[in-house]
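The block underneath contains the structure these notes are about, expressed in structure tokens.
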């Protein structure tokens, strides 16, 4: 397990570096810390709230854990940002452990699978972010360990462990855990091999697992549904599960969205000849372990492709399955010059840095925030170091791992100043905080509480639609602060400051009677 722990440590250090190189990113990370903040300042521990309203989009586990970290220290963004990545570190370890269980006669495969997952660019980016998907991945891995154990020895304890893992997934992100686990569970006769449980015994075991999951989830869901009222029941039981599957109200993408993401998800190990060979159908069906990983990945891939709402991180729980499969096809020889095409993403990034330095990227020109030469130079140096490591390191897997590490860190080094200038809510939070009691409002309907934690606000931010709503609010809050992104004059108010926000600017307005 030394190689597995080394891979986990490598990911942990890289994730910590990425957290330090970028701010708390709106709208997701700022929104989730805002929900945790409202829970801390007096909101219900059972029913999350966001900007004063019920927040049924996500279960409360992440918010509970963030508040636990805050209770042990101070209320700050940095310790809260370590919670979700801790589950990503645990997932790297669990991937190695699952590989040991699936292929006990191939001990080196455990370290290889952990390394492939730890350096995957998709895993590095989303695993280091304050989101729910690393927690969901951890729950999925625990469920797969329980499924494998139950298929080998169908004991009651294995099915109870499966139910506990499913309940953990529900607490992490909701019923979506079933899309990641059920396909493999129902397909047991296809992957379990000789000596597998009978269909009747397996059905009884899955029923026991479902009962255990319902009992554990009920410890939170019953008081939450009772306290949240009809609106929360509709949100949790239908809109955030069935509503997203039948006709998504957010993140609609075409059916081939995840198919197009497969190449970047598999880079770089899946771009090699041994990696491609490991994904050949004959290899995927060669043994029970490979069949389990393949059915786990394929089941979720098909299910999420059929659902209208899609995001790149929705398949994060299948990244360990891909790593397990690719670990069966590690390259053994050192890389040669002809293999440098594997570094094409780094070469493309270098070209992008050059275009940015020359002012040839229109989006950056329109922002008016050109990337400084020093950050582009740091990013380029990191990319070149990755290419050099790829060519000089003796171990082929380690040399290949240098490419994604250099790409992700290099991009963060280069883009860091722009991210902090346009996405860091610290300055805006300080600007609005003194007006918390007098009233704060925004005119954009897409406000996602990105200022609530940054300003440690204790009152909701009003969302106004139309001039009449603005005038009504101005008269009711003569000492308040209005934030507007249109850049147009606001009748009866005077612009007192302007601060950048993502691709635009927040102009801060106060009533003409009180504005300096």
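Values quoted throughout were computed directly from the atomic coordinates according to the rules given, and no laboratory measurement underlies them. Keep in mind that what you see is a predicted model, and the values were worked out from it rather than measured. FYI the Cβ positions are ideal-geometry reconstructions off the backbone, even for glycines, and counts take in every protein chain you see.
Placing dummy labels 7 Å off each Cα toward the beta-carbon, the span from residue 2 to residue 393 is 1.8 nm.
Neighbour counting of Cβ atoms within 10 Å sorts the residues 314, 232, fewest neighbours leading, into 232, 314. The alpha-carbon atoms of region 400-516 define a convex hull whose volume equals 114 cubic angstrom per residue.
Note on region 1-64: Cα-Cα pairs beyond 18 Å make up 52% of the total pair count.
Sorted largest first, the spans of the alpha carbon positions of region 1-136 along the three principal axes are 55, 30, 26 Å.
Each label was represented as a point 7 Å from its Cα along the Cα-to-Cβ direction; for residue 231 and residue 53 these points are 0.8 nm apart.
Could you compute the FRET efficiency for residue 475 and residue 355, with r as their C-beta to C-beta distance and R0 at 60 Å, rounded to 0.05?
Once the sixth-power term is evaluated, E becomes 0.75.
For residue 458 and residue 287, the difference between the fully extended length at 0.36 nm per residue and the C-alpha to C-alpha distance is 55.9 nm.
Taking every DSSP beta bridge with both residues inside the chain, roughly what % is antiparallel (nearest 5)?
75
Cβ crowding within 10 Å, taken as a proxy for footprinting-reagent exposure, orders 267, 255 from fewest neighbours to most as 255, 267.
In region 337-423, one over the average inverse separation of all distinct C-alpha pairs is 13.5 Å, which is the Kirkwood hydrodynamic radius. When DSSP assigns beta bridges and you keep just the ones with both residues in region 426-511, what percent turn out antiparallel, to the nearest 5? Restricted to region 426-511, the bridges split so that about 70 percent are antiparallel. Scattering from the chain was approximated by placing one identical point on each alpha carbon and applying the Debye formula without solvent; log10 I(q)/I(0) at 0.09, 0.12 1/Å stands at -0.71, -1.19. Taking 7 Å steps out from each Cα toward its Cβ at residue 182 and residue 498 produces label points 5.2 nm apart.
Each of 341, 271, 103, 123 was scored by other Cβ atoms within 10 Å of its Cβ. Listed from fewest to most, they are 341, 271, 103, 123.
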